[in-house]
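One structure is given here, and the rest of the page talks about it.
Computed from the coordinates by the stated procedures, all read-outs in this text should not be read as laboratory data. Because the structure is predicted, anything quoted here is derived from the model rather than measured. All Cβ positions, even for glycine, are placed from backbone atoms using ideal geometry, and neighbour counts span all protein chains on display.
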Ligand SMILES: N[C@@H](CCC(=O)N[C@@H](CS)C(=O)NCC(=O)O)C(=O)O
């Protein structure tokens, strides 16, 4: 079954380079012909495999669970780019910190031994117009001499799978996949690296392929429509809300599913303030909420006869009101800088987040994921080098604005929208982990199911978080 058509959103080298980490294709074909044979072939990678763009996009997402992306090599003035992937059974490289965040998805790999397999592959993507020529300076090319290629164009090989008949000739994008390492000799004495030390079935037990994850996400969404959901606050958030349920002059009207509400809640907790938490369903338009915020949106706060809506305004108010734990720097330039990046979060990251969260079309998901990643990268580049937070060691308002969305990236976008975790060892990962592990963020976070269960609530909000036109 062909699910969604290819979106040729990367017809140039630049577009390919901008793709998020490890993400090579932009469509899903659930049930293509000869799938089992193709999976075996792409698992074994006995010889260099040449694929048309169509073949690569169709079959690689069915086998990408076997491998994990390690690095991408770009070449100056060359019409190709190489992506290196290790067999997933090689395990986590030494030095990659494990997250001890209890709400983070538990990975089966934590129990697995390391270095169970040594197979590495190189996937080379040749841009339109590239041809395979010997001596082009790249090792992969010398493996594919014109005569080999000639043969591959003309024959059906003994695995019975069709070869790309026209890829390098008619100037379309094409791909090669080849082994660059393996478990020693393969016993044939032909210099070819050895095979995987496990079966394809074993790889399938360990991780689902992109296509399987796509199908699971679709099923999850379908089930969600069928059964009524509890949609109730849970976990640490519930405990914190109970602790702050007593009548108090300062009231926070918030909804557990709402990222904007969570911002204000994090700030109240970080500042150690006394307040009353009032879980509020904005869709029911309760009077107390309308009195505090005539627009009827959460969050809103009330303090005596004064009230306000809008998370950014409330956060500024709390900052002016309570300086015991400041979340804003005193230096005017640094403060202006923070305001600038808060604006970036609200004007660019939030709409890009919503665009991706709303995208059920797989090709659109790739496009929006790339845009969201670019907006995040701009923010991360503006952050203090040492971290872990935006300004360094202490949580500030930029972090407070950002944190609820970072949490929802791993809880919603990763589960439903094919969003990739931050690349290990990067500043982005350091920041995302710090936000996940921050005690005030954790104290205001429910168990992860809540966020998927309530996705429709904040996506259906009246707020025009909008069409994202980021460029
Ligand atoms: N810009 C507002 C956004 C608040 C917002 O969108 N709240 C949503 C829940 S996440 C809401 O109250 N929706 C109710 C509705 O649309 O009727 C803020 O930052 O406070």
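Which ordering of 401, 321 is given by a fewest-first count of other beta-carbon atoms within 10 Å? Please report the intermediate quantities before stating the final value.
On the way: 401 27, 321 11.
Arranged by neighbour count, lowest to highest, 401, 321 become 321, 401.
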Requested in this report: Order these peptides, 268-275, 195-202, by their mean beta-carbon neighbour count within 10 angstrom, highest first.
Outcome: 268-275, 195-202
Report summary line: Over the stretch 319-471, the quotient of the Cα radius of gyration and 2.2 N^0.38 Å is 1.04
Report task. Work out, step by step, the length gained on full extension between residue 234 and residue 394: first 0.36 nm times the residue separation, then minus their alpha carbon distance; give nm to one decimal. Result -> 54.9 nm
Query raised in the report: Expressed in nm to one decimal, what extension gain is obtained for the pair residue 381 and residue 71 from 0.36 nm per residue of sequence separation less their Cα-Cα distance?
Result: 109.6 nm
Requested in this report: Can you tell me how much longer the chain between residue 313 and residue 246 gets when fully stretched, taken as 0.36 nm per residue apart minus their C-alpha distance, in nm with one decimal?
Outcome: 21.6 nm
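Counting DSSP beta bridges in the stretch 235-459, what percent are antiparallel, to the nearest 5? Could the numbers behind the result be given before it?
Values: 8 of 12 bridges.
The antiparallel proportion sits near 65 percent.
Determine, for 400, 350, the number of other Cβ atoms within 10 Å of each Cβ, and report the residues in order from fewest to most.
Values: 400 30, 350 23.
Ascending Cβ contact count within 10 Å gives the list 350, 400.
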Query raised in the report: With labels modelled as points extended 7 Å from the Cα through the Cβ direction, what inter-label distance (nm, one decimal) is found for residue 336 paired with residue 212?
Result: 5.5 nm
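I need 398, 29 ordered by Cβ neighbour count within 10 Å, fewest first.
On the way: 398 24, 29 21.
Ordered by Cβ neighbours within 10 Å, fewest first: 29, 398.
Using a ≥ b ≥ c from the Cα gyration tensor of the stretch 209-303 (square roots of the eigenvalues), is it rounded, prolate or oblate, where a/c under 1.5 gives rounded and otherwise the larger of a/b and b/c decides, a/b for prolate? Before the final figure, lay out the partial values.
Numbers: a/c = 2.65, a/b = 1.91, b/c = 1.39.
Cα axes put the stretch 209-303 in the prolate bin.
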